1. Can you list, largest first and rounded to whole Å, the semi-axes you get for the stretch C:1-55 by taking the square root of 5 times each eigenvalue of its Cα gyration tensor?
2. How many partner chain Cβ atoms sit within 10 Å of a residue's Cβ in peptide C:25-32, on average, as a whole number?
3. Computed FRET efficiency, Cβ-Cβ of residue D:102 and residue B:7, R0 22 Å: what is it to the nearest 0.05?
4. Please grab the % of Cα pairs in the stretch C:22-78 that end up more than 18 Å from each other.
5. What is the percent carbon and sulfur in the accessible area of the protein assembly as shown, measuring with a 1.4 Å probe over the protein chains and ignoring ligands?
6. Leaving out ligands, DNA and RNA but keeping every protein chain, what accessible area does residue D:106 have, in Å² rounded to the nearest 10, with a 1.4 Å probe?
7. So how compact is chain A: Cα radius of gyration and Dmax in angstrom?
8. Can you tell me the dipole magnitude for chain D around its Cα centre, using point charges on the Cβ only (Lys, Arg +1; Asp, Glu -1), in Debye to the nearest 20?
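The values are calculated or read from the model by the stated rules, or taken from the named source; none is laboratory data. Because the structure is predicted, anything quoted here is derived from the model rather than measured. Note that we place each Cβ from the backbone using ideal geometry, even for glycine, and neighbour counts take in every protein chain shown. Surface accessibility is based on the protein's heavy atoms, side chains included, excluding ligands, DNA and RNA. Shrake-Rupley method; radii C 1.70, N 1.55, O 1.52, S 1.80 Å.
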There are 4 protein chains.
Amino acid sequence: MTPFVWQARVYWEDTDAGGIVYYANYLRFLERARSEWLRARGVSQLALAREPGVVFSVVALEVQYRRPARLDDMLSISCDPHWQGGASLMFAQRIWRDPADADLLVSASVRVACLDAATLKPRRLPPVIVRELSA
Amino acid sequence: MTPFVWQARVYWEDTDAGGIVYYANYLRFLERARSEWLRARGVSQLALAREPGVVFSVVALEVQYRRPARLDDMLSISCDPHWQGGASLMFAQRIWRDPADADLLVSASVRVACLDAATLKPRRLPPVIVRELSA
Amino acid sequence: MTPFVWQARVYWEDTDAGGIVYYANYLRFLERARSEWLRARGVSQLALAREPGVVFSVVALEVQYRRPARLDDMLSISCDPHWQGGASLMFAQRIWRDPADADLLVSASVRVACLDAATLKPRRLPPVIVRELSA
Amino acid sequence: MTPFVWQARVYWEDTDAGGIVYYANYLRFLERARSEWLRARGVSQLALAREPGVVFSVVALEVQYRRPARLDDMLSISCDPHWQGGASLMFAQRIWRDPADADLLVSASVRVACLDAATLKPRRLPPVIVRELSA
C-alpha cells in the first residue's frame with residue numbers, strides 16, 4: 001500500500017540563522033501529515049475528542065536528520081501508520097525535497113497513544129481508526 | 001515610575017535564515033514580559049481564569065522594528081501598563097539589546113482586553129489589577 | 001483590483017492553551033501570503049538576494065485581532081500591496097475563516113523595507129516589483 | 001559528575017490547544033540547555049563558526065514523552081554530553097518540572113555532529129570541546 005503523502009512549503013518561520021529549517025520544526029511538518037491523514041479518512045480530531053471522547057498524544061519518537069531543508073523548498077511528508085497493541089499507533093514518516101524521491105531529508109518513527117479525553121488514561125483506538133488500519 | 005523589565009536570551013529557535021530574529025518572534029518576547037509583570041505582582045493567569053473567571057486577550061498591537069536582534073543576544077524587554085477604560089489594558093513595551101539603553105531594537109504598544117473566561121465577553125478588570133495600576 | 005489571497009490550515013503548532021491561535025502566529029500566516037504573492041509573480045526572494053542583491057524586512061506593523069481562529073480552521077489570507085516611496089511597500093492584509101467573507105478574524109497593515117543585501121541600507125525597489133505595483 | 005542543568009519557564013507560546021506544551025517545543029528547551037552548557041564553558045557558537053570554522057548540527061534524536069508540561073511550569077533541563085567518535089557528541093537530556101526530581105517529563109538522547117562551517121562536511125571536534133569532555 002502506498003503511504004499517505006502531504007506537501008508543505010518552507011517559509012521564513014521554519015528556518016533558523018544557520019540558513020536551514022530549525023530541527024524542531026520538522027516535527028511540525030510531521031504532525032501536519034498525520035493530521036491530514038486523519039482528515040483524508042474523514043476523521044476530525046475535534047469531533048473524536050467529543051465523541052467517543054479520545055485524544056491522541058505523542059509518547060515517543062526517533063528522528064534521523066539526513067539533509068537540511070531550506071527556504072522555499074517544497075517538501076513531501078509521508079505518513080505510514082501501523083496498529084500497535086490496541087491503544088497506540090506507530091507512524092513511519094519521511095520528508096523529501098520535491099520532486100519526490102530526489103532527496104530524502106528526514107526519516108522518523110512516531111508513537112502516538114490514544115487517551116481518554118477526560119482522564120488522559122490509555123484507551124482503545126476508536127473503530128474508525130481500527131477499520132482504517134485493518135483495510 | 002520605572003517600567004517593569006524582563007530579560008531573555010536569543011536562541012536558534014528565535015532566528016530565521018536572514019540571520020536575525022524572525023519578526024513574529026519578538027511578540028513572544030513581549031508576551032513573556034507581560035506574563036512576568038503579572039507574576040511579579042503575585043497574579044497567576046491560571047488562577048484568574050478559575051476565580052474570578054477572567055482571561056486576557058490581545059485585541060490590537062503596533063510594532064516598530066528599529067534594529068534586528070541576533071543569536072546569543074541578551075535582550076531586556078520593558079512593560080509599562082496603563083488602564084484603558086474598565087475592561088482593557090494598554091502596554092507600552094520596548095526591547096533593547098543589553099547592556100540596556102545601548103540599542104533600542106523594538107517598540108510596541110499592545111492592547112489587551114479582559115474577557116469573561118466562560119462567555120469571552122468583555123468584563124471589568126479584576127481588583128488586583130486595578131489596584132496595581134492605581135498605585 | 002482584487003487582492004491576492006492565500007489559504008492555510010490551522011494545525012496544533014499554531015494554537016495555544018487558550019484553545020485558539022497564538023497571537024504571534026497570525027504573523028506567520030501574513031508572511032506566507034506575502035511570500036506567495038511574490039512567488040505568484042515569478043519573484044524568488046533567494047534570487048533577489050543574489051541579483052540585484054536586495055532583501056525585504058518588516059519595519060512596522062499594526063494588527064487588529066477581531067475573532068480567534070481555532071484548530072482545523074481553513075483560513076484565507078489576503079495581501080494587497082502598495083508602493084510607498086521608492087524603497088518600501090505597504091501591505092494591507094486580512095485573515096478570514098473560510099468560507100471567505102464569513103468571518104473577518106484579523107486585519108493588518110505591514111510596512112516592508114527594501115534593503116541592500118550587503119549593507120542592509122535602504123535601496124530602491126527592484127524593477128520587477130515596481131512594474132507589478134504600477135500595473 | 002553531575003550533569004549541567006538549565007531552567008526555563010513555560011509561556012503561552014510553548015503550549016497548544018490541548019492545554020499542554022506542544023511536542024516539538026520540548027526540542028527548543030533541549031537546545032537551550034545545550035547552548036547554555038557551551039556558554040557556561042566559555043564557548044561561543046558564533047565565535048566557533050568563525051574560528052576554527054565549525055558548526056554543530058543535530059543528526060539524530062530519540063525522545064520519550066512521559067508527562068506533559070503546562071503553562072507557568074518552571075522546568076529544569078539537564079544536559080549530559082559524551083564524546084562519540086572524534087566528530088560528534090551524544091547528549092543525554094532530561095526535563096523535569098520543578099522542584100527538580102519531582103516529575104520527570106521528558107527524556108531524550110540527541111546526537112550532534114561537528115561540521116566544517118564552509119563545506120558542511122564532518123570535522124573533528126574543536127580542542128576546547130575535547131578538553132571539556134575528557135575532564
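1. Computed over the stretch C:1-55, the values are 28, 14, 8 Å.
2. 5
3. E(calc), rounded to 0.05, equals 0.25.
4. Cα-Cα pairs in the stretch C:22-78 separated by more than 18 Å: 46 percent.
5. Accessible surface attributable to carbon and sulfur in the protein assembly as shown totals 53 percent.
6. We get 0 Å² for residue D:106.
7. Every Cα atom of chain A included, Rg and Dmax give 15.6, 45 Å.
8. In total the dipole reaches around 460 debye.
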